[in-house]
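**Student:** Below: one structure in structure tokens.
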Amino acid sequence: MFNFAAKSLLLWLVLSASVLASSDLFVPATSEQNAQVELFEFQSPELQKTAIELAKTLRCPQCQNQNLIESNSPIAKDLRLIVFEKINQGQSQQQVIDFMTARYGEFVLYKPSFRSSNALLWFAPFILLVLFVGLSIKRIKSPS
């Protein structure tokens, strides 16, 4: 009784589920990764504080709404380790940020820079608020 489209969709869903179940898309962090990040030794407490504060300003590429400190995903642990190593080697925060944005784009930043290419994202909330207030006032003033 199924038509061809329904059969095709059902087949696609079954095949997709089997592929996802067999692949390692979400691999847990290894104990080695955990040990490297948790037992990382800084040269000074100031460097540790700087690295942790910087990692809090960088977004996890996988989790999307967590910073590198909050996230326990393998990619976040790898990136946290990179941040820790670069700061420990004496690189500045801006050098680490430049490295991360070159590799992952501005998506990795919680506070992206203002440029003409993303101006609409910065101004859209204000534009929508002004439009909403203007249309609301017009609607209230006009007789029904």
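The values are calculated or read from the model by the stated rules, or taken from the named source; none is laboratory data. Please read all numbers here as calculations on a predicted model, not as lab measurements. Backbone-built Cβ (ideal geometry, glycine too); neighbour counts: all protein chains shown.
**Student:** Does any residue of segment 78-88 turn out to be surrounded by fewer than 16 Cβ atoms within 10 Å (Cβ to Cβ) and among the basic types (Lys, Arg)?
**Tutor:** no
**Student:** Still on this structure, please answer the following. Scan segment 99-111 and tell me whether some residue there is modelled with pLDDT under 90 and acidic (Asp, Glu).
**Tutor:** The answer is yes, given that some residue of segment 99-111 is modelled with pLDDT under 90 and acidic (Asp, Glu).
**Student:** Here are some conditions: (1) loosely packed, with under 10 Cβ neighbours inside 10 Å; (2) over 30 Å from residue 81 (Cβ atoms); (3) among the small types (Gly, Ala, Ser). Residue 119 meets all but one. Which one does it not meet?
**Tutor:** So residue 119 meets the others, but not (1).
**Student:** Further question on the same structure: Does residue 97 fit the bill of being surrounded by 15 or more Cβ atoms within 10 Å (Cβ to Cβ) and either more than 24 Å from residue 63 (Cα to Cα) or out of contact with any helix residue (DSSP H, G or I) (no Cβ under 7 Å at 6 or more places or on another chain) (or both)? First the steps, then the outcome.
**Tutor:** Details: surrounded by 15 or more Cβ atoms within 10 Å (Cβ to Cβ): yes; either more than 24 Å from residue 63 (Cα to Cα) or out of contact with any helix residue (DSSP H, G or I) (no Cβ under 7 Å at 6 or more places or on another chain) (or both): yes.
In short, yes.
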